[in-house]
1. Restricting attention to the range B:186-210, and to residues there that are over 25 Å from B:Leu599 (Cα atoms) and among the β-branched types (Val, Ile, Thr), which single residue is surrounded by the fewest Cβ atoms within 10 Å (Cβ to Cβ)?
2. Quick test for you: out of B:Tyr596, B:Tyr610, B:Tyr649, B:Tyr653, pick the one residue that is in the same structural domain as B:Leu150 (by TED's automatic domain parsing), among the aromatic types (Phe, Trp, Tyr) and not in a strand (DSSP E or B).
3. Checking the structure you have, find out if any residue of the range B:543-557 is crowded, with 16+ Cβ neighbours inside 10 Å, within 14 Å of another protein chain (Cβ to nearest Cβ) and either in contact with a helix residue (DSSP H, G or I) (Cβ under 6 Å, 6 or more places away or on another chain) or modelled with pLDDT under 95 (or both).
4. With respect to A:Gly177, determine if the residue is part of a helix (DSSP H, G or I), within 13 Å of chain B (Cβ to nearest Cβ), of a type outside the set (Asp, Glu) and surrounded by 24 or more Cβ atoms within 10 Å (Cβ to Cβ).
5. I'd like the full set of residues that are more than 14 Å from chain A (Cβ to nearest Cβ) and in a loop (DSSP other than H, G, I, E, B), limited to the range B:98-107.
6. When B:Gly78 is evaluated against the numbered criteria (1) in contact with a helix residue (DSSP H, G or I) (Cβ under 8 Å, 6 or more places away or on another chain); (2) within 13 Å of B:Val30 (Cα to Cα), which criterion, by number, is the only one it fails?
7. Looking at the range B:666-694, I want the residues that are under 21 Å from B:Ile133 (Cβ atoms) and have a partner that is modelled with pLDDT under 75 and among the acidic types (Asp, Glu) with Cβ atoms under 8 Å, at least 6 apart or on another chain. Which pairs are those?
8. With respect to B:Val626, determine if the residue is farther than 23 Å from B:Lys281 by Cα and either more than 14 Å from every other protein chain (Cβ to nearest Cβ) or at pLDDT 90 or above (or both).
Amino acid sequence: MQTISFINKSTNMKKLILIISVVLAANFSIAQTSDKFTKAMEQRIAMIDSTQGPDAWKEMTNAFERIGDAEKTQWLPYYYAAFGHILIGYSYWTGQMGNATDKMDPEADAAEKMLDKAISLSKETSETWIIKKMIASLRMMGDPMNRYMIYGPQADEALQKAKELDAGNPRVYLLEGEDKFQTPEQYGGSKEEAKLLFDKAKSLFESFKPESSIHPNWGLPRLMYYFSQYK
Amino acid sequence: MGLKKTGLFTLLLSVLAGFASAQFTIKGIVKDNKGNHIGGVSIVVKDTYDGATTDSTGKFSFKTFEKGEQILVASSIGYRPFEQKIKLEGGIINLNIIIKEEITELKAVVITAGTFEASDRKKAAAVLNPIDIVTTASAEGDVTGAMKTLPGAQQVGESEGLFVRGGTSGETKTFIDGTLVNNFFYTSIPNIASRSRFSPFIFKGTVFSTGGYSALYGQAMSSALILESIDLPDRTSASLSVSVIGLGGGYQQLAKNKNSSWGFSYEYTDLTLAFKLFKQKQNYFQIPVYHTADANFRIKTSKTGILKYYGYFNANHLGFRENSIDTSGYQDVFRLKNINVYHNLAYKEKIGKKWRFNSGISYTNNKDDINGGLQDQQKNDVTLTGLEFKKFTLNSKADYFNAKAVFERRLTGLSAIRFGSEYNYSNDMPTFTIYNGQQFKYNIKENIISAFAETDIYITNNVAAKLGTRLEHSSLLDKFNFAPRISLAYKVGKEGQASLAYGIFYQDPDKRYLPAANTVTFSRADHYIAQYQRTTSLITFRIEAFYKKYHDLIKTDLSGGREAAVSNKGFGDAKGFEVFWRDRKTVKNLDYWISYSYLDTKRDFLNFPYAIQPSFAAKHTASLVVKKFVMAWKTGFNWSYNYSSGRPYYNIYYDGSQYKFRDKGLIPDYHNVSFSLNYIPAIATQNAKTWIVYVISWSNIFGIKQTYGYQYSYDGLKKQAIVPTSRTFIYIGIFFSFGVDRTQDAINNNLKI
């Protein structure tokens, strides 16, 4: 509002407007690509932790895919689009076994397609293995009794890879803790063991520095949700 | 902020906007071709950030600074991408977009007439999961045992094989990775059903077709059992098994790069202990002993190609005595030695985006030495006048070679065209020696060359057709046959579908009646099938009606002391309906299925005096299979009940001029209640290095008397019930799996229930 007050006080407004406009426009065109990209990304990334439900996630996922398709050389939009498809897929979980493959599998397929694009534009990192882990878990959840033999080890392996590539990635421990938390006790789940993993994730989140404002940094609200379950 | 300031701000913004470009609003609605409003559709001005996602009513609206000619893209999972040229030059653009459903395996109607599939793929035909084969109580670990709980198959206990819809067991053929398997069962023993040779654990997919199957398969008038072997194992592991019937061990090595694997196993089966615990009707002087060895390798030849080899060797022998029905105070003796070698090599690859190539070759060498005779109380071999036929030796050697290649070209959507060729070579060399040492040597060589083509046509997700045809030439019969097949499927509502199938199926005469006394030709069956199926993810309901017409069945007559084919004057038909219901929903954590088959069939073949209901066909057959896994006990409980109404029995004799019945009737109804239990302690143990499965399987738990038929003395004066070898049987086994087995981690970490 400072600028506007200043303009208001100015006597030769038209001239000034013109000058400002020219300056802004010139700036705009130079910074357009990187700035527009970063801004668009930041805006959508904020949605990851702030929105809930498949409709909002669909919108977010589609937006990432649009950005990726327009940019053509950026891996992050596709990375987030893959992540978005996973969130949509998980939202179809009904709690009943063998009930959701018809809805979950297409999302897992789409996530895989997006992730492949991301990897082809960059490389396999701890973060892409995290996505792979989630895709395998998503496929398994569709029909656990018949699929754990195939997708269980796949998920495990992907998480191990993610850990190998970056032991300081808090999302590794978040997901590990999540699995421990969600698994029934007779199958080896344990809320206590999960708590240890969540604590580890928390301390890593505190020190974790993403490469940039748009690099993966999601998960803290998700972690806090689990902490709230212990009270 | 005053009005003036606000106005100025707006002015500034519009000037800025003017610099970049003019802003347009694009809005509209997305529907499918049935007029349903589609939500969640991504709308984008191609290669820009500008776009939106449709809301639940299919509406969208967004602003863009792009101008001029642009392409608008609408896309959504399950729909074909939609593109439209738009011109951005002022004003609001209002679009009415119609997107078409993509034809996908998940949504599309599937031709299920006559087909039961055990697969982990989510398909309409997949009524079973692979694990169901081994957790069906009455199956006793035999692939065909599980199939017998499905509609269409008979509960025949006195001989092996699948008797489907009024057909003989010889009318069902088994295929592994596309190629025919010639000795799928162990050698037949009089009045005892042999098991199938192969472990159910080497197969990942099973298709049991009770009729109307694809033109890719031939030489089976009634049914095809199509098995698909497993690909690369998940991990390197060693295994060991101990049971009341023997010991076994194996090893599977998965290469570090996960692109290849090899393995082998050996199993020693000895029924000494089992026969001590469960007294057999027969008196064994040579208790059955089996040596089974197998080896495999699997190589990923590319991202999409795989080469698989499976080799099998089995040697077994047995010998028993039974009180002779033909003469009291004497005993019938039966001895069998069998050696079987089987190799199967399969290769499949994708060529480019559109083509697929599937091929396989298999070779079988089988050797049987069977010996029959009569012994007196002192166990000396004797030959009695009038009963000389009791003493015989049958030495038979056989070589079989099968090859098949199938090309598939994908068309749009799921539509495809498939064509290829198959070659079946068989060389049976039986030598029959009678009591006085006189030998009868036969050599029956057959070369069948077939060509086939079929096409899958998906008009929409709701209508599909499969049109196929098969051409075969037999060198033995010196004849061609031409077999068209057609099936249709139509989706009725969201969960229902109706299928129709028609086809002609040819088959060579059974080799045991060859060489023929006269010129004979193929036997033929025409199938007509109508089916309705309703599936939700937890409930499957299916009802199917069929009519099967048999032509040119083989008639036999005594020729040179043996029963030989004399003509194709036999005929018959079978009709009926079948119901299948599987429910995993009504009772939580309980899974059950019910099958019922009604069969009305008559045929005149072999030495039948006229068309009769054959002894292998019951009017009513039903099964109830129940499974429950109790997590707290880490134990799976499986029950099954099989029922069959009394089958007819006949004693047919030749009076010198024609065949007549000396006796006939109905055997009592058949009931069998089986139970099995799998206890898997490691399912809850963390970081267990050993994975152990304990199995107990108990057949006919109530000891209900079962009669499979009657046998008669040669003079027809004595009649004896054919019954199971023991009233009941309990199998106890422990299976260990060691090593780099991370299954339990997988469960511990990922099974979210």
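The values are calculated or read from the model by the stated rules, or taken from the named source; none is laboratory data. Predicted, not measured: the structure shown is a model, and the values here were computed from it. Here the Cβ is made from the backbone with ideal geometry for all residues, glycine too, and neighbour counts use every protein chain on show.
1. Per the stated criteria, the residue is B:Ile202.
2. Values: B:Tyr596 fails: not in a strand (DSSP E or B); B:Tyr649 fails: not in a strand (DSSP E or B); B:Tyr653 fails: not in a strand (DSSP E or B).
Of the residues listed, the single one that is in the same structural domain as B:Leu150 (by TED's automatic domain parsing), among the aromatic types (Phe, Trp, Tyr) and not in a strand (DSSP E or B) is B:Tyr610.
3. no
4. On the way: part of a helix (DSSP H, G or I): yes; within 13 Å of chain B (Cβ to nearest Cβ): yes; of a type outside the set (Asp, Glu): yes; surrounded by 24 or more Cβ atoms within 10 Å (Cβ to Cβ): no.
For A:Gly177, the condition - part of a helix (DSSP H, G or I), within 13 Å of chain B (Cβ to nearest Cβ), of a type outside the set (Asp, Glu) and surrounded by 24 or more Cβ atoms within 10 Å (Cβ to Cβ) - is not met.
5. Within the range B:98-107, just B:Lys100 meets the criteria.
6. B:Gly78 satisfies all of (1) in contact with a helix residue (DSSP H, G or I) (Cβ under 8 Å, 6 or more places away or on another chain); (2) within 13 Å of B:Val30 (Cα to Cα) except (2).
7. So the pair list comes out as B:Trp691/B:Asp741.
8. It is true that B:Val626 is farther than 23 Å from B:Lys281 by Cα and either more than 14 Å from every other protein chain (Cβ to nearest Cβ) or at pLDDT 90 or above (or both).
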